[in-house]
1. Filter the range 81-129 for residues that are polar (S, T, N, Q) and touching an Asp or Glu at 6+ places or on another chain (Cβ under 7 Å); which is nearest to Leu329 (Cα to Cα)?
2. Gly92 fails exactly one of the following numbered conditions: (1) touching a Gly at 6+ places or on another chain (Cβ under 7 Å); (2) at pLDDT 90 or above; (3) not polar (S, T, N, Q). What is the number of that condition?
3. Tally time: how many residues in the range 172-199 are among the β-branched types (Val, Ile, Thr) and open to solvent by less than 10 Å² (accessible area, probe 1.4 Å)?
4. Check whether at least one residue in the range 247-257 is hydrophobic (A, V, I, L, M, F, W, C), at pLDDT 95 or above, more than 30 Å from Phe309 (Cα to Cα) and buried (at least 24 other Cβ atoms within 10 Å of the Cβ), and report yes or no.
5. I want to confirm something. Restricting to the range 106-124 and keeping residues that are among the hydrophobic types (A, V, I, L, M, F, W, C) and in a strand (DSSP E or B), which single residue is farthest from Gly135 (Cα to Cα)?
6. Conditions first: (1) buried (at least 21 other Cβ atoms within 10 Å of the Cβ); (2) more than 16 Å from Arg142 (Cα to Cα). Asp59 passes all but one, so which condition is the exception?
7. For the range 113-122, how many residues meet the condition of being surrounded by fewer than 24 Cβ atoms within 10 Å (Cβ to Cβ) and either over 16 Å from Thr351 (Cβ atoms) or touching a Cys at 6+ places or on another chain (Cβ under 7 Å) (or both)?
Amino acid sequence: MKLKRILKWSLRIVLSALLLLILAVFIAYWTSTNDCGRTIAAGAERMKAIRYCEYGSPDEVLKLEEVEKPVPNENQILVRVRAVSLRFYDGGMLGGSVPGRLLFGLRKPKNTTPGSDFSGTVEAIGKDVTEFKPGDEVFGVRAGALAEYICVRRNGAIALKPANTSFEQAASIPTALVSLQGLRDTARLQAGQKVLINGASGGVGTFAVQIAKAFGAEVTGVCSTKNLDLIRSLGADHAIDYTKEDFTKGEERYDVIYDLVNNRSFAERRRILKPGGICVLAGIGGSGMHKETFSNLAGELTASLRSKFGNEKFVLFGVDINKKDLGVLRDLTESGKIAPALTKTYPLTETAAAYNYLETGHVQGKIAITIE
């Protein structure tokens, strides 16, 4: 009798908790809102910005509108944005997938201006800002960058732009934070080691090839036929066409696999790692949400767990967006060790077309949007 009573009350508690969770999600969903209904204050300066007030396809939800121009406080920098580059997840912000809604707003997007990786010119500074001055050319990361002006915190992710790059090229450099930190900090890549980069022709992959070479590694890039020349031009020592050759069945063994696709099994990748090698799980293949996205993500998680019981490690990592590493990337760019593989640009008026291209999942290098 005592066991039945315990089970009965346990079931009641679980059901009650479940009902409370459903109620909380329901309330959160219907109270989720954004600033799209807010009017511009009388006398306020205006600027153009890309906005999306609802989830949907780029052609349906992305609008070029006039909004209120931001005013910097004492610790902020007002930047006149000149270019914004798109990251692989930007399309996922628009579509309203379940993971996207959990991050960006349940019913409606909380941040109504997309884009984050920017470059531009300092327009004005707050009284406590000493690191920058009006006229400085800068680049960095700030949510809501697809606008004529943004305010960035003085200790935020902002740095002086490499002198040898255009604004469009500079806007694509923050993507390389993923490559830099994945290879330097997670893989601890050393000169003379062999590294294989799966997904070498994408935005992150093109930087990974160059950064690995800058560290003195022997680099093998995996990509499709049309991208072989690109990754060779970036310094890859070897290029594998995945449409003609299965890189997991070769005889070569690698100290590091930098995997941006995660379309191979744990056993296949482990087979080509040297004893004690590491596979850095840095992506799930392509841009946006696709039919293979969830299976690739599940593969990442299971590979990471399984490797805890073996000598070869499969490691997930999260990028740390910070000013210091933006400075490292600027120095690598100015020294000629890395160069943004910018392959396509769009004007602000064709932002939806840029997002549609991103969503194909087969973007070569980086794409940028210019703001005149």
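The values are calculated or read from the model by the stated rules, or taken from the named source; none is laboratory data. Quick caveat: nothing in here was measured; it's all calculated off a predicted structure. Using ideal geometry, Cβ is built from the backbone for each residue, glycine included, and neighbour counts are taken over all protein chains shown. We work out accessible area using only protein heavy atoms, side chains counted, and drop any ligands, DNA or RNA first. Shrake-Rupley method; radii C 1.70, N 1.55, O 1.52, S 1.80 Å.
1. Going through the qualifying residues, I end up with Ser85.
2. Of everything listed in (1) touching a Gly at 6+ places or on another chain (Cβ under 7 Å); (2) at pLDDT 90 or above; (3) not polar (S, T, N, Q), Gly92 misses just condition (2).
3. Residues flagged as among the β-branched types (Val, Ile, Thr) and open to solvent by less than 10 Å² (accessible area, probe 1.4 Å) within the range 172-199 amount to 4.
4. Checked against the condition, which is being hydrophobic (A, V, I, L, M, F, W, C), at pLDDT 95 or above, more than 30 Å from Phe309 (Cα to Cα) and buried (at least 24 other Cβ atoms within 10 Å of the Cβ), the range 247-257 yields no hits at all.
5. Looking only at the range 106-124, we keep the residues that are among the hydrophobic types (A, V, I, L, M, F, W, C), and these are 106, 118, 122, 124.
From the residues that got through so far, the ones that are in a strand (DSSP E or B) too are 118, 122, 124.
Numbers: Phe118: 16, Val122: 5, Ala124: 8 Å.
Filtering the range 106-124 for residues that are among the hydrophobic types (A, V, I, L, M, F, W, C) and in a strand (DSSP E or B), the one farthest from Gly135 (Cα to Cα) comes out as Phe118.
6. The one condition Asp59 does not meet is (1).
7. Residues in the range 113-122 being surrounded by fewer than 24 Cβ atoms within 10 Å (Cβ to Cβ) and either over 16 Å from Thr351 (Cβ atoms) or touching a Cys at 6+ places or on another chain (Cβ under 7 Å) (or both): 2 in total.
Condition check ((1) hydrophobic (A, V, I, L, M, F, W, C); (2) more than 26 Å from Thr360 (Cβ to Cβ); (3) open to solvent by 70 Å² or more (accessible area, probe 1.4 Å); (4) modelled with pLDDT under 90) across all residues:
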position	(1), (2), (3), (4)
Arg270	no, yes, yes, no
Leu281	yes, no, no, no
Glu292	no, no, yes, yes
Ala303	yes, yes, no, yes
Phe314	yes, yes, no, no
Val328	yes, yes, no, no
